[in-house]
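In what follows, a structure is listed as structure tokens, so that the remarks can point back to it.
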2 protein chains.
Amino acid sequence: MAVSETRIETNGLPRLPHGVRAAGTACGIKSDGAPDLGLIAFDSPAQWAGVFTTNAAAAAPVRWCKQLLGAPVQALVVNSGNANACTGRDGERAVEAAARCAASALGCDPRAVLVASTGPIGVTLPLAPIAAGIPQLAARPGTDLTPFATAIMTTDTVAKLASASAGEAVLVGAAKGAAMLAPNMATMLAFVVTDAAIDSGVMQSALSEAVANSFNRISLDACESTNDSVFLFSTGRTKDVSAGVFGKALAEVCSELAEMIVRDAEGGSKLVRIKVRGASDDDAAAVLAKAVAASSLWRAAAGGGDPNWGRVVAAMGSTDVELDLKELSVGIGGVPLYLYGAPCGNEARAAVEMAGDEFIVECTVGRGPGCVEVLSADLTSAYVELNARGST
Amino acid sequence: MAVSETRIETNGLPRLPHGVRAAGTACGIKSDGAPDLGLIAFDSPAQWAGVFTTNAAAAAPVRWCKQLLGAPVQALVVNSGNANACTGRDGERAVEAAARCAASALGCDPRAVLVASTGPIGVTLPLAPIAAGIPQLAARPGTDLTPFATAIMTTDTVAKLASASAGEAVLVGAAKGAAMLAPNMATMLAFVVTDAAIDSGVMQSALSEAVANSFNRISLDACESTNDSVFLFSTGRTKDVSAGVFGKALAEVCSELAEMIVRDAEGGSKLVRIKVRGASDDDAAAVLAKAVAASSLWRAAAGGGDPNWGRVVAAMGSTDVELDLKELSVGIGGVPLYLYGAPCGNEARAAVEMAGDEFIVECTVGRGPGCVEVLSADLTSAYVELNARGST
């Protein structure tokens, strides 16, 4: 199988930290010849933290990475075009073989190699293209994360990259994701690399918190994936970065990547910010906002530019969160539609606010301190048609 | 506003029990002049039982009926074209006024009149057309339930009627529903009338059980409605009907109506039976089956005839139910696709089974006694387009 090099596009992002290199290529997993194999390699063992899908059908690569948590790693191999999920013992063997390929090319232990996969479920990962592709990636790694970000795309239409600085240190991240994106997960694939020297426990807690407030605050189709994973790597070369400054920078990168994912939603035509405030706590607010984000009826109305606030209220009412309609108000784009339990007209004005490619739904559900913003997308015929054909 | 009589179609159903009459008409709530007002009237006060939506945003008519539970009733007024949900105090006044109209026409107490509504949320029920329509309905009631079943339709394309006998007694039922249909509810609008003399406690428990195994085992779009209600009325004229025989007949009528609803799903092109067996109990089986029924990705694949069993497994894996993949098997139309945690090919054969307008997804999740069958529909562009325009 031919191995071709992917186009490298510059994008104004800072280079990867010293001691980190990345590459991407088309190795032949995807039948259309698009880039499908990425590598991040570390000159010295890197500390890492990870957050993974809670799906009981977690893919073989997810299970491989989870058992390696705690020990430093030398490399990460990511393929698109195949999720290697629900593939049984064959899938496990394929992950180990991919790790061995990379270990051999880089001269490290296979258990110092993480593996992540994304694509259709139920097809065992083919080894020949990976075995051919890895040595090429290992031979020509660069300091630009773009080829890697391009190689991990599935139905994504743009590569997703973000960066931030934390004191003297930098954070550079990449993500992919366009569907099978929903609450209760540790979300799609995202990778953040930094040179900040951060205690490994702090790394894990900072990542968990950043994920909770970014990737776990988006919902495209209410379908939880088998492969969601977010990784944070650190070379530890830049000392004296405060945990607070680092956490803030990490949250910024994760939020930026999460928003990029929603803007690139499969078939989506609008980014819809669902804000809920006045709930008893943030968790209750999130349950309500995610119920709206998951409502097919509301999402279809959002796509059609119809200010159907009734579907918003019905979706919130269907959760286990207690609601007092007399305390409930809903507005769209600053236009009140339902105020303290009664309709207040204004649909024509709200429809104007929904006409663009982004709008806000604001729900006040009481006088509690709980609030949240969930990013979501509309439901369109394009999504249905894309997924009727399968393969993602 | 003109009040026109709806067409009455005969359909081979048994006539309503003695002492029960029904009618339907177009009173002008719907702007297209379609039938939108139905009445069922009892010569003598009838015992009744009801199961209602658990949505916190339950509509005004639902709240009206719930507080009347326990006392016999003389009539039921149902309108389509307006849900009278999320309409605040105005909505409550509209329900009371509709009950008063019927009470005046029939010569009974307003609190002996139940009211049910279905249609768009957030618009207060207009009283003028109802006030004009009720006397006409009261003047010309018949023993055929079809005009009533026609008057309660929204985006339904067919009137839904079913009947069964329980010893010497008959049960005749009607239902409507095409979207905003999901788990955790006491389901859309359905009405069953019988002459069987059944203890009122038994009536309520038989209805709750029949609903649990019929209307609560269907899921069209995972959206729970604000107006779901199922009513069972009895004139009590036919004595000596055993509770067991009656319960079985009631379950039969409810299941038949539930299946009619799924076959008439908004935009749906296929009826999909999702069978889960081997769960720890029936409730766990239902959680798993409903997660599959609610998955937009799986439903889009179902519409496209793509045997994407990976989306079925991912949907089950996303629930709180513990799953052991090594015990998990999925087949479609009798064709095994995923066997004890590993793919087994056969996609082409399964695609053939999916080509018709109905197919079965069989999931074995372990060795427990829990099993369930959930009826669902596929997700199509037609559903999205219909709901992008709003108004239902």
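When restricted to residues that are aliphatic (A, V, I, L, M), open to solvent by 50 Å² or more (accessible area, probe 1.4 Å) and more than 30 Å from B:Arg311 (Cβ to Cβ), the range A:121-144 contains 1.
In the condition set (1) at the interface with chain A (Cβ under 8 Å from one of its Cβ atoms); (2) touching a Gly at 6+ places or on another chain (Cβ under 6 Å), B:Glu322 is compliant with all but (2). For the range B:317-332, filtering for residues that are open to solvent by 10 Å² or more (accessible area, probe 1.4 Å) and either part of a helix (DSSP H, G or I) or farther than 21 Å from B:Ala348 by Cα (or both) leaves 10.
Of the numbered criteria (1) part of a loop (DSSP other than H, G, I, E, B); (2) crowded, with 17+ Cβ neighbours inside 10 Å; (3) modelled with pLDDT of 80 or more, the one B:Leu181 fails is (3). Listed by first and then second residue, the pairs with beta-carbon distance under 7 Å, at least 6 apart or on different chains, first residue in the range A:250-263 and touching a residue at least 12 places away in the same chain (Cβ under 8 Å), second β-branched (Val, Ile, Thr), are A:Leu250/A:Val192; A:Val253/A:Val192; A:Cys254/A:Val211; A:Ala258/A:Ile218; A:Ile261/A:Ile218; A:Val262/A:Ile218.
Scanning the range A:145-159 for residues that are at pLDDT 85 or above and surrounded by 24 or more Cβ atoms within 10 Å (Cβ to Cβ), we see that the one that is nearest to A:Gly19 (Cα to Cα) is A:Leu145.
Of all residues in the range A:72-116, those satisfying the criterion of being modelled with pLDDT under 90 and surrounded by fewer than 21 Cβ atoms within 10 Å (Cβ to Cβ) are A:Gly88, A:Arg89. Check the range A:295-316 and report whether any residue there is within 30 Å of A:Pro45 (Cβ to Cβ), in contact with a strand residue (DSSP E or B) (Cβ under 7 Å, 6 or more places away or on another chain), assigned to a helix (DSSP H, G or I) and of a type in the set (Gly, Ala, Ser). No, the range A:295-316 contains no residue that is within 30 Å of A:Pro45 (Cβ to Cβ), in contact with a strand residue (DSSP E or B) (Cβ under 7 Å, 6 or more places away or on another chain), assigned to a helix (DSSP H, G or I) and of a type in the set (Gly, Ala, Ser). Can you find a residue in the range A:368-379 that is open to solvent by less than 50 Å² (accessible area, probe 1.4 Å), closer than 13 Å to A:Ala279 by Cα and assigned to a strand (DSSP E or B)? Within the range A:368-379 (the criterion being open to solvent by less than 50 Å² (accessible area, probe 1.4 Å), closer than 13 Å to A:Ala279 by Cα and assigned to a strand (DSSP E or B)), the answer is yes, since at least one residue qualifies. The residue that is surrounded by the fewest Cβ atoms within 10 Å (Cβ to Cβ), among those in the range B:293-309 that are hydrophobic (A, V, I, L, M, F, W, C), within 8 Å of chain A (Cβ to nearest Cβ) and touching a residue at least 24 places away in the same chain (Cβ under 8 Å), is B:Ala294. Restricting attention to the range A:337-351 and to residues that are part of a helix (DSSP H, G or I) and touching a Gly at 6+ places or on another chain (Cβ under 8 Å), the residue that is least open to solvent (accessible area, probe 1.4 Å) turns out to be A:Ala350.
Would you mention how many residues in the range A:278-292 are buried (at least 21 other Cβ atoms within 10 Å of the Cβ) and not in a helix (DSSP H, G or I)?
1
To keep it simple, each residue is scored yes or no on (1) on the phi < 0 side of the Ramachandran plot; (2) more than 23 Å from the chain's Cα centre (by Cα).
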| position | (1), (2) |
| --- | --- |
| B:Thr319 | yes, yes |
| B:Gly331 | yes, yes |
| B:Asn346 | no, yes |
| B:Arg367 | yes, yes |
| B:Tyr383 | yes, no |
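I'd like to check something: does the range B:256-277 contain any residue that is under 29 Å from B:Ser205 (Cα atoms) and of a type in the set (Gly, Ala, Ser)? Yes; the residues of the range B:256-277 include at least one that is under 29 Å from B:Ser205 (Cα atoms) and of a type in the set (Gly, Ala, Ser).
Among the conditions (1) at pLDDT below 85; (2) under 27 Å from A:Leu375 (Cβ atoms); (3) more than 18 Å from the chain's Cα centre (by Cα), the only one that A:Asp228 does not satisfy is (3).
Among the residues of this structure, A:Val313 counts as one that is closer than 22 Å to B:Val123 by Cβ and open to solvent by less than 20 Å² (accessible area, probe 1.4 Å).
Do we find a residue being within 14 Å of chain A (Cβ to nearest Cβ), of a type in the set (Ser, Thr, Tyr) and outside any strand (DSSP E or B) anywhere in the range B:48-62?
yes
Counting only residues that are of a type in the set (Lys, Arg) and either part of a loop (DSSP other than H, G, I, E, B) or within 14 Å of chain A (Cβ to nearest Cβ) (or both), the range B:115-167 holds 1 of them.
Return a yes/no flag: does the range B:117-124 have any residue that is closer than 23 Å to A:Cys344 by Cβ, β-branched (Val, Ile, Thr) and touching a helix residue (DSSP H, G or I) at 6+ places or on another chain (Cβ under 8 Å). Checked against the condition, which is being closer than 23 Å to A:Cys344 by Cβ, β-branched (Val, Ile, Thr) and touching a helix residue (DSSP H, G or I) at 6+ places or on another chain (Cβ under 8 Å), the range B:117-124 yields at least one hit.
The values are calculated or read from the model by the stated rules, or taken from the named source; none is laboratory data. Keep in mind that what you see is a predicted model, and the values were worked out from it rather than measured. Note: ideal-geometry Cβ built from the backbone for every residue, glycine included; neighbour counts use all protein chains shown. Areas reflect the complete protein model, heavy atoms only, side chains present, ligands, DNA and RNA absent. Shrake-Rupley method; radii C 1.70, N 1.55, O 1.52, S 1.80 Å.
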